[in-house]
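The values are calculated or read from the model by the stated rules, or taken from the named source; none is laboratory data. Since the model is a prediction, treat every value here as computed from it, not as a measurement. Heads up, the Cβs are rebuilt from the backbone with ideal geometry, glycines too, and the neighbour counts pull from every protein chain shown.
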Amino acid sequence: MVLTRRTVESSDEDTGRDFLTVFILGFLTMIMGLILVAIATIISQGASTSIGGIVFIGPIPIVFGAGPGSQWLILFAIILAVLSVIMFLILRRKPGITRV
């Protein structure tokens, strides 16, 4: 069995690769969402429509929308904001260090 030590350079390369992977997955998720919205718009001709969006600046959501479904958008934005703050706090902790 051969034991190897990880160097700082390989750690930096792994971090860069991980960032690129998450970035590409996020971008593909956005594209799939846009395609699903376009398909839903084509299918639901004649039905009532609503439009809206959420823009996050840090953990703070900026919500805009119009139509009968805008209340759900606001609720969804609040839930996402709370989850993003929780994930930030969880991922910010360093392993092995307990704060009192």
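The set of residues in the range 83-100 that are modelled with pLDDT of 80 or more and exposed (fewer than 11 other Cβ atoms within 10 Å of the Cβ) comprises LEU89, ILE90, LEU91, ARG92. The single condition from (1) of a type in the set (S, T, N, Q); (2) at pLDDT 75 or above; (3) assigned to a helix (DSSP H, G or I) that GLN45 fails is (3). Note on the range 50-81: residues that are out of contact with any strand residue (DSSP E or B) (no Cβ under 8 Å at 6 or more places or on another chain) and outside any helix (DSSP H, G or I) amount to 5. Restricting attention to the range 23-40 and to residues that are among the β-branched types (Val, Ile, Thr) and over 17 Å from ILE51 (Cα atoms), the residue that is nearest to the chain's Cα centre (by Cα) turns out to be THR29.
For the range 38-52, which positions are of a type in the set (A, V, I, L, M, F, W, C) and surrounded by 10 or more Cβ atoms within 10 Å (Cβ to Cβ)? ALA38, ILE39, ALA40, ILE51, listed by residue number.
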